[in-house]
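So the structure is just underneath, and the comments pick up after that.
Each value in this text was obtained by applying a stated rule to the coordinates, not by laboratory testing. The shown structure was predicted, so the numbers you read here are calculated from the model rather than taken from an experiment. Note: ideal-geometry Cβ built from the backbone for every residue, glycine included; neighbour counts use all protein chains shown.
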Amino acid sequence: MRWFRFAVLILAATILQKGMLARFGFKPDLLLVLLVFFAVHCSTSDAIVSSFAIGLAADLIGSPIPMGPHTISFGVCGTVLAYLHRVVAIRKMPHQALAIFATALLAGTLTHLLAVLIRSEPLAPNVHTVLFWTSVCSSILGPLLFMPLAWCMNMKINRLRRR
Amino acid sequence: MARKHTKVSRRMLFTWLMLGGFILLLAPQNLTGKLQLGFVHVFRWPLSIGGDFALTANTNQTLEDVVPRREYDKLQNHCDNLEELLRAQREKFERLYGLYNTYKWEGVNYIVADVITANRARGELTVAYGKGTGMVKGQYVLGDNSIIGTISDFSAGTAHVKLFTDPTCRMPASVGGVERLMQGNGDNSAKILQLDKAHKVKIGDKVFASNNQAKFLDAPMIVGTVAQVKTSRESPLLVDVTVKPVCDFEKLENVAIIIMNPRK
């Protein structure tokens, strides 16, 4: 794992998500796409560390939700996905889209659940709609980004690897 | 000398990182909020560039709107002349009548802040202010001469503005001469619940922000207009009012934070 490239990529995605994409109503979650990419294409240990790191980046731009829920939910979802990938290969684009969609729904639900239960944050009435459309947008865009991401990280993604 | 490698099992790695996550979750919000604001402050330049790009992309422009370069330059010059004229007239007006000499707004200070990011889904703006003292949480924020929200968090140079449409925002507001608490809906609107039908509130009525407990607003200022009036589920004699903002949050480039009675 090339950690410097990883850090630059995460920083770029975080700035893009908070700056440009924040003004759009329904938008893909770039950090979530990165979470699935690294969970699927890295070793399990690297996937665990990268999931928590991406969660921390999501927390930094997650205001008004306080820090913490994203780190935990992204960490848990990324770890589960990395272990799942050891059993079920997620190679084809539809499978990747499905994995992104499911992870987005699960991570989003867990984030809001933690924020509501532990930090007593009020739940927005339209949270379900936002969550669903974010998942849909991410699952459409995500698989298309996997190839350029692999090129950026100097990874080979066509090979089936089981760890 | 050979470097000693410490092998950490996946289970231990996961446990330690989860522990870190929970520490972050349970840490005081004013501390973690500073981290969020610090990130925005450090990267405010690329963030605002991205925001401007999105703003341009969101602006609908048709071919009919486009004018030739010569015509554009001519109009631009005319615009510059008018702006200069307007500036001179404003100066004259302020000198003659004293813009700030009305009783309610006497001594009021404004901190002008640039919008770095606007989060439509979460009803929040992140703004950068240059100079200004006396800022506290809960102060009202003006955008396009209307109240758009309150300061929810701030650190040196950066602040979060909680828009009145945010579901966690509760703002005193008056409509049809009646004062009630307005609560955000989260979908670019807010609601005033259980208003007596006798007040005869109708669509298009203006809604004004009123003074809150901390006395951050001495005079009422427009916040939105009534978009929907619906009979309340609680009683047929009451109505629930939906309020739409009079200002487009997404297109705001700068806002003004109202500092009532600043310390000298």
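Rounding to the nearest 10 and keeping the result within 0 to 90°, find how far the Cα-based axis of helix A:30-41 lies from the longest principal axis of chain A.
30 degrees
Restrict the search to the range A:95-146; then list the chymotrypsin sites (Phe, Trp or Tyr not before Pro) that DSSP places in a loop and that have at most 15 other Cβ atoms within 10 Å of their Cβ. Present the calculation step by step, with values, prior to reporting the outcome.
Working: sites: A:F101, A:F132, A:W133, A:F146; in loops: none.
The qualifying sites: there are none.
Please find the FRET efficiency linking A:T44 to A:K156, where r is the Cβ-Cβ separation and R0 is fixed at 25 Å, and quote it to the nearest 0.05. Could you put the intermediate results ahead of the total?
On the way: r = 18 Å, r/R0 = 0.71.
E between A:T44 and A:K156, to the nearest 0.05, is 0.90.
Can you give me the Cα centroid spacing of the range B:112-178 and the range B:186-235 in angstrom?
With the range B:112-178 and the range B:186-235 each reduced to a Cα centre, they are spaced 18 Å.
Measure out, as a whole number of angstrom, how far apart the alpha-carbon centroids of the range A:91-108 and the range A:1-60 sit.
15 Å
Partner chain Cβ atoms within 10 Å, averaged over the residues of A:67-74 - can you pull that number for me?
Working: counts 10, 10, 3, 3, 8, 7, 1, 1.
Neighbouring Cβ atoms belonging to other protein chains average 5 per residue here.
Using the alpha-carbon atoms, what tilt in degrees (0 to 90, nearest 10) does helix A:44-60 show relative to the longest principal axis of chain A?
The angle comes out at about 30 degrees.
Between A:M147 and B:S146, what is the label-to-label distance in nm when each label sits 7 Å out along the Cα-to-Cβ direction?
It is 4.6 nm.
Quick one: angle between helix A:3-19 and the longest Cα principal axis of chain A, in degrees between 0 and 90, rounded to 10, please.
40 degrees
Enter the mean projected area of the convex hull around the alpha-carbon atoms of the range B:170-246, in nm², rounded to one decimal.
Values: hull surface 19.9 nm².
Across all orientations, the range B:170-246 yields a mean hull projection of 5.0 nm².
Hey, rough spin-label estimate for B:V42 and B:A27, points 7 angstrom out along Cα→Cβ, what's it come to in nanometres?
Roughly 1.2 nm, to one decimal.
For the range A:18-163, what is the charge dipole size about the Cα centre, in debye to the nearest 20, if Lys and Arg each add +1 at the Cβ and Asp and Glu each add -1 at the Cβ? Working shown, then result.
On the way: 12 positive and 4 negative charges, 124 e Å.
With only Lys, Arg, Asp and Glu charged at Cβ, the dipole is about 600 debye.
What trypsin sites (Lys or Arg not before Pro) in the range A:67-119 are in a loop by DSSP, with at most 10 other Cβ atoms within 10 Å of the Cβ?
Working: sites: A:R86, A:R91, A:K92, A:R119; in loops: A:R86, A:R91, A:K92, A:R119.
The qualifying sites are A:K92.
Compactness ratio of the protein assembly as shown: Cα Rg over 2.2 N^0.38 Å, N = residue count?
Numbers: Rg = 25.0 Å, N = 427, 2.2 N^0.38 = 22.0 Å.
My calculation over the Cα atoms of the protein assembly as shown gives 1.14.
Extension gain B:H78-B:H199, at 0.36 nm per residue separation less the Cα-Cα distance, in nm? Don't skip to the end; give the middle numbers.
Values: separation 121, 0.36 × 121 = 43.56 nm, distance 4.84 nm.
My answer for the length gained is 38.7 nm.
Count, for each residue of A:11-20, the Cβ atoms from other chains sitting within 10 Å of its Cβ, then give me the mean as a whole number.
On the way: counts 3, 1, 0, 3, 8, 3, 2, 12, 17, 11.
Average per residue, whole number: 6.
Sequence neighbours fewer than 8 away in the same chain don't count; with that in mind, list the lysines whose C-alpha is under 20 Å from B:K230.
Within the straight-line limit of under 20 Å, B:K230 reaches these lysines: B:K191, B:K197, B:K200, B:K202, B:K206, B:K244.
For A:L98 and B:N211, what is the calculated FRET efficiency with R₀ set at 56 Å and r taken between the beta-carbons, to the nearest 0.05? The partial results should precede the final answer.
Working: r = 53 Å, r/R0 = 0.94.
In this case the efficiency is close to 0.60.
Put +1 on the Cβ of each Lys and Arg and -1 on the Cβ of each Asp and Glu in the protein assembly as shown; which of A:L60, A:A99, B:N254 then has its Cα farthest toward the positive end of the dipole?
Comparing the listed Cα positions along the dipole, A:A99 ranks first.
Lys and Arg at +1, Asp and Glu at -1: add these up for the other residues within a Cβ distance under 10 Å of B:Q228 and post the number. Each step should come with its number before you reach the end.
Values: positive: B:K191, B:K230, B:K244; negative: B:D240.
So the environment of B:Q228 carries a net charge of +2.
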